[in-house]
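Just below is one structure, and these are the notes that go with it.
The values are calculated or read from the model by the stated rules, or taken from the named source; none is laboratory data. From a predicted model like this one, the values you see are computed outputs, not experimental measurements. When we count neighbours, we look across all protein chains shown, and the Cβ atoms used for this are built from the backbone with ideal geometry, even at glycine. For accessibility, only protein heavy atoms count, side chains too; no ligands or nucleic acids. Shrake-Rupley method; radii C 1.70, N 1.55, O 1.52, S 1.80 Å.
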Amino acid sequence: MKKYFLDAGTTWSKILEITADVNTAAGKDFEVQKSYKIVPTATLKDLDLEFTAATGHSAGLKNIKKYENEVVALAKGAAKWLENDDIVLDLGSRDIKWVKFKDKKFSDMDWNTNCASATGATIEMLLKFYNVNIKELAPSEEKYPVTCGIFGLERIMDDVAKGMEAKIAISKFIAGIAYNAWNFTKNPDRLCVSGGFCENDCFIKSLQKHCEVQILGRFILVDGLYEEWKKSCGSF
């Protein structure tokens with residue numbers, strides 16, 4: 001027996017597949033196997049799957065039983081990883097959000113779809129446009145004081161036109177994103193990071209100049225959906 005949980009991002013979607021033995025699935029303490037995968041969001045409509053729960057900007061499919069708010073999914077998925085007064089940051093293609101815990105309970109949050117607009121998608125487009133491998137990017141001592149991807153794109157193209165190497169300009173943009181993320185989360189001493197930027201080494205090292213960083217990975221929101229389902233229902 002299987003259940004599917006979906007975090008539908010703008011560009012990439014994360015899927016958690018839960019498999020349980022039909023003979024043990026009657027109770028809530030059954031053992032399950034977890035399988036994670038990432039697929040292009042554009043291909044979701046072609047998947048012959050029914051999702052028990054979903055979250056994300058692009059979760060507009062008909063084959064979804066329940067939609068959950070992204071911040072709720074983030075909080076549920078990150079709770080077990082966080083220490084007292086910890087903040088989990090999720091920075092995606094078109095928004096930035098964070099949740100703070102105090103004494104293992106929800107304490108504060110913020111969500112902005114403007115200041116981080118298109119940051120992840122912009123980086124992917126820049127890497128393709130300038131034929132730069134993300135592994136070539138080194139953290140920059142300088143940063144662009146940008147507030148969104150569109151303004152960052154303008155600064156990068158201007159500097160490259162003046163002779164700056166594209167990989168240096170992109171690294172300065174990423175340094176600006178890291179600084180903005182740290183400011184947006186109210187300058188904490190430690191940040192737990194969720195989402196695609198976990199795999200961007202340049203971003204993580206740039207963020208580490210401002211605070212301690214714990215990487216949680218790209219599947220925190222689908223984990224949160226599963227934890228909420230298991231708590232409220234948990235039966236196959």
_Ranked by how many other beta carbons lie within 10 Å on average, peptides 224-230, 150-156 from highest_ = 224-230, 150-156
*Two-site label geometry, T19 and M125: point separation in nm, points 7 Å out along Cα→Cβ*: 3.9
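Over the range 149-209, with every protein chain in place, what whole percent of the accessible area is carbon and sulfur at 1.4 Å, could you tell me? All intermediate terms of the calculation are to be shown ahead of the outcome.
Details: 1390 of 2670 Å².
Reported share for carbon and sulfur atoms: 52 percent.
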_Just to confirm the number: angle between the C-alpha axis of helix 166-184 and the first principal axis of the chain, 0 to 90 degrees, nearest 10?_
60
*Taking the Cα atoms only, what angle lies between the long axis of helix 149-161 and the longest principal axis of the chain, rounded to 10 degrees?*
40
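May I ask you to give the solvent-accessible area per residue for the chain, in square angstrom, as obtained with a 1.4 angstrom probe? Could the numbers behind the result be given before it?
Values: 12030 Å² over 236 residues.
Using a 1.4 Å probe on heavy atoms only, each residue of the chain averages 51 Å².
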*So how long is each side of the range 2-94 along the principal axes, counting just the alpha-carbon atoms, biggest first, in Å?*
42, 40, 20
*With no solvent and one equal point scatterer per Cα, compute the Debye intensity ratio I(q)/I(0) for the chain at 0.14 Å⁻¹ and report its log10, rounded to two decimals.*
-0.90
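Per residue, how big is the convex hull around the C-alpha atoms of the range 116-236? Give it to me in cubic angstrom, could you? All intermediate terms of the calculation are to be shown ahead of the outcome.
On the way: hull volume 14.9 nm³, N = 121.
In the range 116-236, the Cα hull volume divided by residue count equals 123 Å³.
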*Computed on alpha carbon atoms, what radius of gyration and Dmax characterise the range 182-231, expressed in Å?*
12.7, 38
*the range 93-144 - convex hull of the alpha-carbon atoms, volume per residue in Å³*: 135
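Could you give me D for the range 150-206, from Stokes-Einstein at 25 °C and 0.890 mPa s, where the hydrodynamic radius is the Kirkwood radius over C-alpha pairs? Units µm² s⁻¹, please. Provide the component values of the computation, followed by the final result.
Numbers: Rh = 12.4 Å.
D, rounded to a whole number, is 198 µm²/s.
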*asked:* Please list, ordered by chain and number, the residues whose modelled amide H lies under 5 Å from the amide H of V213; skip anything fewer than 5 residues away on the same chain.
replied: L191
*Provide the packing ranking of 133-140, 75-82, 31-38, i.e. peptides ordered by the mean count of other C-beta atoms within 10 Å per residue, highest first.*
75-82, 133-140, 31-38
